[in-house]
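**Q** I'd like to ask some things about the structure below.
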Amino acid sequence: MDNLVTAFIHYLRDEKKLSQNTLMSYQRDIEQYIAFLQCKNVNSIQQSNKATISTYMAYQNNQGRAVTTISRSLASIRAFYRFLISHDFMTGNPTIGLESPKIEKKIPQILSVEEVEILLNQPNRIGLKGVRDKAMLELLYSTGIRVSELIALNVEDLDLQKAILTCCHSNRERKIPISRKCVELMKEYLEKVRPFMLREKDEKSLFVNTNGKRLTRQGFWKIVKYYTSKANINKDITPHTLRHSFAAHLVQRGRDLKDVQMMLGHSDISSTQVYLQIANEGS
């Protein structure tokens, strides 16, 4: 069955053009499922059926897995079986009729405008890292992009003259305006800091770490946690808190929901509507 998993991942990479993080998530989900099948003496994928998958879902629940994890796992398994059928490895789809566990939609926690200002003012712009961090946090808040999008940015994605950021997610490109303040901070970073952090001149990454390489999600998360602690903000901050705050503040200021949807890159406006509830609670 391992060769089928490999073929599936190659398909997602080459045909669907999924990111490395997404590919790793699919691979982990399917490999865990295959390991479960083997423990149950199901030695070929053709022997699996709806009962097998239901048993696996129950097993995950008994292991204390979060509902979101189980739901994502089932989505990966569905995609795997669709691949197998479309490539003639199977004829019937055992996932048909299986329902995903219901996920209770949580209202994301946001920072107030004052808390955002305090957080963004934490980096000390005397050192190289401080200038980088200030520019990076400002760009994140002023555009509302995802952390994965932030760390994937290349220098060419930023047009300071037009004050436009080009961002790509799931093969969909969008252009987001950036504030004058953000333009000035990014200009300072690009001209006075980034060249001195690089090890190789042909590095394309917009934000680099102290080794001159592309900043990682984990690296960014450490930076956010450091400045949150320094700012004495006693809230459950996540890497997406600034994104949620950006969207909620736009809605609170009366921005059209379709505009917010476009800037956030939501394919479905229902994902954006949660910020209406936050705005109403805060008004």
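**Q** May I ask you to say which residue of 206, 257, 250 is at pLDDT 95 or above and aliphatic (A, V, I, L, M)?
**A** 206
**Q** Can you pull out the residues in the stretch 185-204 that are out of contact with any Leu (no Cβ under 7 Å at 6 or more places or on another chain), of a type outside the set (Phe, Trp, Tyr) and surrounded by 13 or more Cβ atoms within 10 Å (Cβ to Cβ)?
**A** 185, 188, 190, 194, 198, 203, listed by residue number.
**Q** Cβ contacts < 6 Å: first residue touching a residue at least 12 places away in the same chain (Cβ under 8 Å), restricted to the stretch 108-124; second residue assigned to a loop (DSSP other than H, G, I, E, B) and of a type in the set (A, V, I, L, M), any location; separation 6+ or different chain. Result?
**A** The qualifying pairs are 115/233; 118/231; 119/231; 122/231.
**Q** Can you pull out the residues in the stretch 162-179 that are at pLDDT 95 or above and exposed (fewer than 13 other Cβ atoms within 10 Å of the Cβ)?
**A** Of everything in the stretch 162-179, just one residue is at pLDDT 95 or above and exposed (fewer than 13 other Cβ atoms within 10 Å of the Cβ), namely 162.
**Q** Could you grab me the full set of residues in the stretch 47-84 that are closer than 15 Å to residue 4 by Cβ and exposed (fewer than 13 other Cβ atoms within 10 Å of the Cβ)?
**A** 47
**Q** Turning to a different aspect of this structure: Among the residues of the stretch 231-281 satisfying the criterion of being part of a helix (DSSP H, G or I) and under 17 Å from residue 221 (Cα atoms), which is farthest from the chain's Cα centre (by Cα)?
**A** My answer is 245.
**Q** Something else: Can you name the helices (runs of 4 or more DSSP H) wholly within the stretch 1-92 that have at least 1 residues being in contact (Cβ under 8 Å) with a residue 60 or more places away in the chain, out of contact with any helix residue (DSSP H, G or I) (no Cβ under 6 Å at 6 or more places or on another chain) and more than 30 Å from residue 106 (Cβ to Cβ)?
**A** Passing ranges, in order: 2-14, 67-86.
**Q** Let me ask something else. Condition test on residue 216, is it of a type in the set (S, T, N, Q) and at pLDDT below 90?
**A** So residue 216 fails the test.
The values are calculated or read from the model by the stated rules, or taken from the named source; none is laboratory data. Since we're looking at a predicted model, the values are computed, not measured. All Cβ positions, even for glycine, are placed from backbone atoms using ideal geometry, and neighbour counts span all protein chains on display.
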